[in-house]
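Student: If you scroll down you'll find the structure; I have some questions about it.
Nothing in this text is a laboratory measurement; each read-out follows from the coordinates by a stated rule. Since the structure is predicted, the reported quantities are computational estimates derived from the model, not experimental observations. All Cβ positions, even for glycine, are placed from backbone atoms using ideal geometry, and neighbour counts span all protein chains on display.
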Amino acid sequence: MNATTTDAVPAIELRGVTQRFRTPSGGVHTALHDLDMTVAPGEFCAVVGPTGCGKSTTLSLISGLKAASAGRTLLHGEPVTSLDRRVGFMFQTDAAFPWRTVLDNVAAGPRFRGVSRRDAVAGARDWLRRVGLSGFEDRLPHQLSGGMRKRVALAQTLINEPEILLMDEPFSALDVQTRQIVQDELLGLWELTRPAVVFVTHDLEEAIALADKVVVLTVGPGTVKDTFTIDLPRPRRVQEIRFDARFVALYERIWTSLRDEVRLAYARSAGADPGAPTKDATPSPATATTATGFSAPSEPATTPSDDAEVH
Amino acid sequence: MSELATAPAEVPADEPSEAELLRAARSRRRLRGLLVLCVQFVLVALVLGGWQLGASRGVLDSFTYGSPSGVVGQLRTWFEHGTASGSIWHNIAVTMQETVLGFVIGVVAGVVLGVALGRVRALAEVMAPFIKAGNAVPRVVLGSMFIIWFGLGPSGKVALAVVLVFFSVFFNAFQGTREVDGNLIDNARVLGASEWQVTCRVVVPSAMTWIVASLHAAFGFALIGAIVGEVLGAQAGLGQLIQQAQGQFNADGVYAGILVIAVLALAAEFLITRFERRVLRWRPTALSGSTGL
Ligand SMILES: Nc1ncnc2c1ncn2[C@@H]1O[C@H](COP(=O)(O)OP(=O)(O)O)[C@@H](O)[C@H]1O
Ligand SMILES: [Mg+2]
């Protein structure tokens, strides 16, 4: 990142964080072990790692929804003791209130925080416009497509103007085309208020395309294995940046680091030998780009036609 | 369907329009409904006719088993000349007052306690044995206790109705609170909701599906509470009318009382179903399906 952000107090700082859980059988399971990580204000940090390595747990700790077993979690230099008002959290699964209309869902944050109904609704309309959902104010969440539900979640989170934005595999349930559109939208919205972002994903391409920094976690108990700076220029277009030679080079470097962890995690879950080839399971950028290598649409789709079934 | 199948694919003009398809489906549904109604009518006519025939031929002893005409006569007497304990409307009003009051108090208490215990684990742990013990008592016997406490007035009946309603609503509210999607709660908290706001804005609306489902049974329990209370001892009410008829070996009177109660219960069920539809409008699939059972 640039000099101004590295000098400042980090927006997020995890120091020697360890998280243990009681297992149902009475044992202790260590999900995170001695994790160190910092995110500067305005920095977009992607976290990748194999399933079960503690990515979601890390976000819970930063948000204050959970307390760490050991270590320190600091936001802007202050220890996290409870939920912080400056934090926004977009969950992996749909968390919109199903009995509320889209408008009321987006207005929920300001309403909880004591803003008058009129102002909250006005703000919600504004944000719905920004995420391209004008005209859908009165729909219920289940009446929307998967991509639209993600936009509602985005508006619901961003309306609080968080300084720290946590996202847990937010687009993993979307089909590839819809995902790329929403990714571009996310980058556009992020530029507006520039929160510090921790974006958890298992999709390395997504991580590189979006982030300033990619953190690779080891197989559980998770700890930081490598950190890569993504020096691709901004503004970026997700569909196009994947053809960039620098992108491909970065992908190969980071994948080399991630591959061993993925193999290990796979071997553990399958009980197979760790040397088994798994490279085929994850697409290299070359195969991925040919698979979706159509001319990029010029506009984000805002119509209900981008039907993507979630679950 | 058959038109669709036979129409050649190249000539879309021959396909029935959407409106025509809808109309055909609607008329088919109406026909079906009519048929069901006819069968139901025939069933009722058979049972009532057989009963009446048996009673008038002397096959069924009409003193013991009554007869449809006797029931109608009893109802006419009640509605035209009143009963020993005031007009029939007065008796209906007394029973309904006890029922509705017991229902409302029981539902409010059940929801408040169910949600509170569902939300606060420590409270649930403290209260669990008492709730279980309370639930284990056959509640109808409490009726006798309430008569001793409250006398023959309506309070004892209300109390019995409350107790019956409370448990049926409480367990649903508790379970519904426990089943609330933790993700929704986390989301609300991150968005800035206080614990109280989480309860009112997330937990209760979420648990509403469970709570409303218990209301059907709960109203039935309220009615049972009021009527059993009246049967045990009262100055007025439908239960007391039935009790009187029983004392006089008046089978027609018992049936007539049951009939009036059934009509009231059906009316209440109708209102509760309307309420359910309104409260759970947001659900992707309506709860009370077309079968209506
Ligand atoms: N509440 C919990 N109780 C016990 N174990 C948990 C709990 N939450 C997570 N874990 C375990 O911790 C590990 C990390 O979980 P998680 O952070 O969800 O992984 P990821 O998001 O990287 O897939 C997993 O092995 C998971 O089973
Ligand atoms: Mg996860």
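Student: Please report, in debye to the nearest 20, how large the charge dipole of region B:71-284 is about its Cα centre when each Lys and Arg carries +1 at its beta carbon and each Asp and Glu carries -1 there.
Tutor: Values: 14 positive and 11 negative charges, 97 e Å.
Here region B:71-284 has a charge dipole of around 460 debye.
Student: Residue by residue through region A:147-162, which ³J(HN,Hα) values in whole Hz follow from phi under the Karplus form 6.51 cos²θ - 1.76 cosθ + 1.60 (θ = phi - 60°), with glycine and proline marked x?
Tutor: Computed from phi, the couplings for region A:147-162 are x, 5, 5, 5, 5, 4, 4, 5, 5, 4, 7, 6, 4, 7, 6, x Hz.
Student: Return the lysines within reach of A:K213: Cα separation strictly under 27 angstrom, same-chain partners fewer than 8 residues apart disregarded; answer none if there are no such residues.
Tutor: Qualifying lysines at Cα under 27 Å: A:K55, A:K66, A:K150, A:K225, A:K279.
Student: Going by average Cβ neighbours within 10 Å, how do the peptides B:165-178, B:140-153 rank, with the highest at the top? Mind showing how you got there, number by number?
Tutor: On the way: B:165-178: 22.6, B:140-153: 15.0.
Descending mean neighbour count gives B:165-178, B:140-153.
Student: Mean residue ellipticity at 222 nm from the helices of the protein assembly as shown, using -39,500 (n - 2.57) per DSSP H segment of n ≥ 4 over the full residue count, to the nearest 500 deg cm²/dmol?
Tutor: Values: 22 runs with 337 residues, N = 604.
For the protein assembly as shown, the value works out to -18500 deg cm²/dmol.
Student: Taking H as built 1.01 Å from N, whose amide H comes closer than 5 Å to the amide H of A:K225, not counting residues under 5 places away?
Tutor: A:V216, A:L217, A:T218
Student: Turning to a different aspect of this structure: Taking H as built 1.01 Å from N, whose amide H comes closer than 5 Å to the amide H of A:A31, not counting residues under 5 places away?
Tutor: So A:A31 has HN proximity to A:Q19, A:R20, A:F21.
Student: Using θ = phi - 60° and the Karplus curve 6.51 cos²θ - 1.76 cosθ + 1.60, what whole-Hz ³J(HN,Hα) does each residue of region A:235-250 get, with Gly and Pro shown as x?
Tutor: x, 10, 10, 4, 5, 8, 5, 5, 8, 5, 5, 5, 4, 5, 5, 4
Student: Which listed residue (B:G82, A:V200, B:Q175) has the Cα farthest towards the positive end of the charge dipole for the protein assembly as shown, taking +1 on Lys and Arg C-beta and -1 on Asp and Glu C-beta about the Cα centre?
Tutor: Of the candidates, B:G82 comes out farthest on the positive side.
Student: Here's another thing I want to ask about it. Within 10 Å of each Cβ of B:175-187, how many other protein chain Cβ atoms are there on average?
Tutor: On the way: counts 0, 0, 0, 0, 0, 0, 5, 2, 6, 7, 2, 8, 14.
That works out to 3 on average.
Student: Still on this model: Taking each residue of A:83-92 in turn, how many C-beta atoms of other protein chains fall within 10 Å of its C-beta, and what is the average? Let's see the in-between values first.
Tutor: Numbers: counts 6, 1, 3, 0, 1, 2, 5, 2, 5, 1.
Per-residue shielding by partner chains comes out at 3.
Student: Can you give the relative contact order of region B:71-284 as a percent, counting alpha carbon pairs under 8 Å and 6+ residues apart?
Tutor: On the way: 275 pairs, mean separation 60.2, N = 214.
The normalised contact order for region B:71-284 reaches 28 percent.
Student: Follow-up question, since we're still on this one. Tell me, what HN-Hα J-couplings in whole Hz come from the Karplus equation 6.51 cos²θ - 1.76 cosθ + 1.60 at θ = phi - 60° for each residue of region A:110-116, using x for Gly and Pro?
Tutor: Taking θ as phi minus 60°, the curve returns x, 5, 4, 8, x, 6, 5 Hz for region A:110-116.
Student: Can you put B:L241, B:L35 in order, fewest other beta carbons within 10 Å first?
Tutor: Details: B:L241 30, B:L35 10.
Listed from fewest to most nearby Cβ atoms, that is B:L35, B:L241.
Student: What is the set of long-range amide H partners of A:L165 at a cut-off below 5 Å, with H atoms built 1.01 Å from backbone N?
Tutor: Long-range HN contacts for A:L165: A:G88, A:A196, A:V197, A:V198.
Student: What are the lysines whose alpha-carbon lies under 25 Å from the alpha-carbon of B:K132, with same-chain residues fewer than 8 places away excluded?
Tutor: The reachable lysines, counting only those whose Cα sits under 25 Å from B:K132, are B:K157.
Student: Also: For a quick check: sort B:E98, A:E163 by the number of other beta carbons within 10 angstrom, fewest at the front.
Tutor: On the way: B:E98 30, A:E163 20.
Fewest-to-most ranking of B:E98, A:E163: A:E163, B:E98.
Student: Could you line up A:I181, B:I224, B:I105 from fewest to most neighbouring Cβ atoms inside 10 Å? Please list the in-between numbers first.
Tutor: Working: A:I181 24, B:I224 21, B:I105 18.
Arranged by neighbour count, lowest to highest, A:I181, B:I224, B:I105 become B:I105, B:I224, A:I181.
Student: Can you tell me the length gained on complete extension of the stretch B:R283 to B:F249, counting 0.36 nm per residue apart and subtracting the Cα distance? Could you put the intermediate results ahead of the total?
Tutor: Details: separation 34, 0.36 × 34 = 12.24 nm, distance 5.08 nm.
Extra length from B:R283 to B:F249 when fully extended: 7.2 nm.
Student: Let me ask something else about it. Which shape class, rounded, prolate or oblate, goes with chain B when its Cα gyration tensor gives a ≥ b ≥ c as root eigenvalues, a/c under 1.5 marks rounded, and past that a/b bigger than b/c marks prolate?
Tutor: Values: a/c = 2.97, a/b = 1.08, b/c = 2.76.
Judged from the Cα gyration tensor, chain B comes out oblate (a/c at least 1.5, b/c at or above a/b).
Student: To the nearest 0.05, what FRET efficiency results for A:T193 and A:D226 with a Förster distance of 25 Å applied to their C-beta separation? Before the final figure, lay out the partial values.
Tutor: On the way: r = 29 Å, r/R0 = 1.17.
The formula returns an efficiency of 0.30 here.
Student: Mind checking the dipole of the protein assembly as shown: about its Cα centre, +1 per Lys or Arg Cβ, -1 per Asp or Glu Cβ, Debye to the nearest 20?
Tutor: Result for the protein assembly as shown is approximately 1520 debye, rounded to the nearest 20.
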